[in-house]
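Take a look at the structure set out below.
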Amino acid sequence: MTDRLYYHDSFLYEFEGEITEVVPAAEINARHGVYLDRTAFYPTSGGQIHDTGWLSSSSQEKLRVAEVSEAEDGRVVHYIEADKAPERGTRILGIIDPARRRDHMQQHSGQHVLSAAFIRLFNMPTVSFHMGDEACSIDLETPGIQPRQVEEVELLANQIVQENRTVEVHFVTQQTAQDLGLRKPPRTDKDELRLIDIENFDLSACGGTHVANTGQIGSILLRKVEKVRPGWRVEFVCGQRAVKTARRDYLTLTEAAGLFSGHIWDVPQQVKKSLEDVKAASKAGEHLLAELAELEAARLLAETSSANQRKVVVRSYTDRDLTFIRLLAQKMIRQDASAVALLGSGLGQASLVFAQTKGSPIDLGALLKEIVSANGGKGGGSRDMAQGGLASKELIEKALAQAAAKVNS
Ligand SMILES: [Zn+2]
């Protein structure tokens, strides 16, 4: 068994030990696995992520400890990034990355406070904890959670932080632990339990690294709350992460407010107003387009003469899109039952629209299909209304001329 030094002192950043076993790097794991007789490195477990740091010996340069995990037999394995594996029996000095450890202690101890606050105020038990590189989260067993409850929990949790309560570690028997009443019954059959005692606030069994006083957590900031079956997930950040997150939020809001030349607190109102303006402008645009299509349809029909009781209007646009020519075709056949519209658009995807009044003898759907496939495109539709795309704008005039020839034949 590895003697876990962090059980007794979470602030031990340097320790001496001896390499008891080395598993050289293999193809499946590019890092050497190193076992020590004792370690202050925390291995990934219980939702908390591992420490990183260095192993230093007199014969070798500092070896980077990139990952630490628990082996199946319960020992701690340190994964080393080095060309050559260190040798068994080597005396080493272990050095923990202190900034990373401090951050983990802040997040993890903050979680104890937060979980206890959710129980105390609203009887919502924590079922799991996740620590990520950016944010942490707890999953709560509750059918629902209100924004007001989130705020109240955040307030209480930060009060506990500000009161700078002591965080003590006790080793007790299972029986004693039961008598003391833990927040959450531990899932272990070990005889001895490690209890984390936040002065008059929370008592829970845990093997992680913790601060010595709640003030060292710094602050607890609750973020996204989302439904995850069967309960709810609450995202949070503590300590320096809370400051960084608040800073990033502020910069984001400032950038948004700058676009409106307003104050950050007015951003939601201004975004709402902008969306309404866009909606109104888009509606007005649609209305104008419909009017324009109506007038254009009348003009085209007036300048086209009938032949064989049909008015075949052939026209292409370089500055109008498919939506417009479709609208134009509809207006045209509504204004004149004898109209056959053969229209092209070169704005965006090169497109064709063919339309006529119901009951006309030509099958425009079949005609369009034939014309577009002959010009490297595809499309289709009904007998009376069809549309399709062409491979390039340069083909529009040719395709329309082919279609007109067929219609007039
Ligand atoms: Zn803990």
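Eigenvalues of the alpha-carbon gyration tensor of the stretch 30-83, scaled by 5 and square-rooted, set the equivalent ellipsoid semi-axes at 19, 11, 10 angstrom, largest first. Report note on the peptides 132-140, 367-375: ranked by the mean count of other C-beta atoms within 10 Å, highest first, their order is 367-375, 132-140. Residues considered: 207, 381, 94. Largest GNM mean-square fluctuation over the chain, using C-alpha springs under 10 Å, is found at 381.
Computed extension length for residue 337-residue 163: 54.2 nm, one decimal, from 0.36 nm per residue of separation with the Cα-Cα distance subtracted.
Can you give me the Kirkwood hydrodynamic radius for the stretch 36-181, using every pair of distinct Cα atoms, in Å to one decimal?
Working: mean 1/r = 0.0550 Å⁻¹.
Kirkwood radius, the stretch 36-181: 18.2 Å.
Rg/Rh for the stretch 156-309 stands at 1.42; both radii use Cα atoms, and Rh follows the Kirkwood definition. If both residues of a DSSP beta bridge must be in the chain, then about 90% of such bridges are antiparallel.
Normalised by 2.2 N^0.38 Å, where N is the number of residues, the alpha-carbon radius of gyration of the stretch 274-317 equals 1.74. Among 250, 6, a tally of other beta-carbon atoms within 10 Å of each Cβ gives an order, fewest to most, of 250, 6. Near residue 292: Cβ cut-off under 11 Å, other residues only, Lys/Arg at +1 and Asp/Glu at -1. The net charge is -1. Entry note, the stretch 149-270: relative contact order of 21 percent, from Cα contacts under 8 Å with a spacing of 6+ residues.
Note that the chain shows a convex hull volume over its alpha carbon atoms of 254 Å³ per residue.
Among the listed pairs 331/378; 283/331; 244/273; 358/406; 311/406, which have their C-alpha atoms separated by more than 21 angstrom in this model?
Over 21 Å Cα-Cα: 331/378; 244/273.
Put in order of Cβ neighbour count within 10 Å, fewest first, the listed residues 172, 314 become 172, 314.
For the chain, the longest principal axis of the C-alpha atoms and the axis of helix 396-408 are separated by about 40°. The share of Cα pairs per 10 Å bin across the stretch 116-194, counted from zero up to the longest distance, runs 14, 35, 39, 11, 0 percent.
Taking 8 Å as the Cα distance limit and 6 or more residues as the minimum spacing, I'd like the relative contact order of the chain as a percentage. Contact order relative to length: 9 percent. Sorting the segments 326-334, 268-276 by their mean number of nearby beta carbons within 10 angstrom, highest to lowest, gives 326-334, 268-276.
No value in this document is a laboratory result; all are computed from the given coordinates. Computed from a predicted structure; not experimentally measured. Methodologically, a virtual Cβ is constructed for each residue, glycine included, from the backbone with ideal geometry; neighbour enumeration extends over all protein chains shown.
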